[in-house]
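As structure tokens, the structure follows; a few thoughts come after it.
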Amino acid sequence: MAKAVYSTQNIGHFGLAFEYYTHFTSPIRRYADLIVHRLLQRELVNGKIAQGEIAKYESIARDTTEKEIRAADANERASVTSKSNICKVASGNIEGTISGVIGWGIYIEEKEL
């Protein structure tokens, strides 16, 4: 699945075949959601957004896309580091009790802790 790219250009939604499409969460969880909320409110109250303002939103879209990519990359690096540390610990002898089993792994209550 392609990653989201924020833009002022309407490219529709490939999977849903909608000519006009936007996505946002409520309650607001990301900066991109906040911008969509603000733009919808502005349009409803003040009417169409002036063409001269579009450059400002193009800049916000590019910046938001870049920051989300950087955050995802940082999260992935942190995940790899965390898994590496877990493997280092797990490669030694651990005495404990399995306290939980879930889809991605197990919880072990270490005897010494």
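The values are calculated or read from the model by the stated rules, or taken from the named source; none is laboratory data. Because the structure is a prediction, the values reported are computed rather than measured. Methodologically, a virtual Cβ is constructed for each residue, glycine included, from the backbone with ideal geometry; neighbour enumeration extends over all protein chains shown. Surface areas here come from the heavy atoms of the whole protein model, side chains and all, with no ligands, DNA or RNA. Shrake-Rupley method; radii C 1.70, N 1.55, O 1.52, S 1.80 Å.
Below are the figures for this structure:
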| quantity | calculated |
| --- | --- |
| Segment 4-86, relative contact order [Cα under 8 Å, separation at least 6], % | 33 |
| Karplus-derived 3J(HN,Hα), 6.51/-1.76/1.60, for each residue of segment 96-104, Hz, glycine and proline x | x, 10, 5, 9, x, 10, 9, x, 9 |
| Accessible area expressed per residue, the chain, with surrounding protein chains retained (probe 1.4 Å, Å²) | 87 |
| 29 Å Cα cut-off, lysine pairs counted over the chain (separation 8 or more, or different chains) | 10 |
| J(HN,Hα) series, segment 48-56, from Karplus relation 6.51 cos²θ - 1.76 cosθ + 1.60, nearest Hz, glycine and proline x | 4, 6, 5, 4, x, 8, 4, 4, 4 |
| Residue 108 long-range amide H proximity, modeled H, under 5 Å | 99 |
| In range of the label at residue 108: residues from segment 55-80 whose backbone nitrogen is under 18 Å from the point 7 Å along Cα→Cβ | none |
| Ranked by how many other beta carbons lie within 10 Å on average, peptides 65-75, 45-55 from highest | 65-75, 45-55 |
| For segment 40-113, the spread of Cα positions along each principal axis, largest first, Å | 66, 23, 21 |
| Computed label-point distance, nm, for sites residue 30 and residue 71 using a 7 Å Cα→Cβ extension | 0.7 |
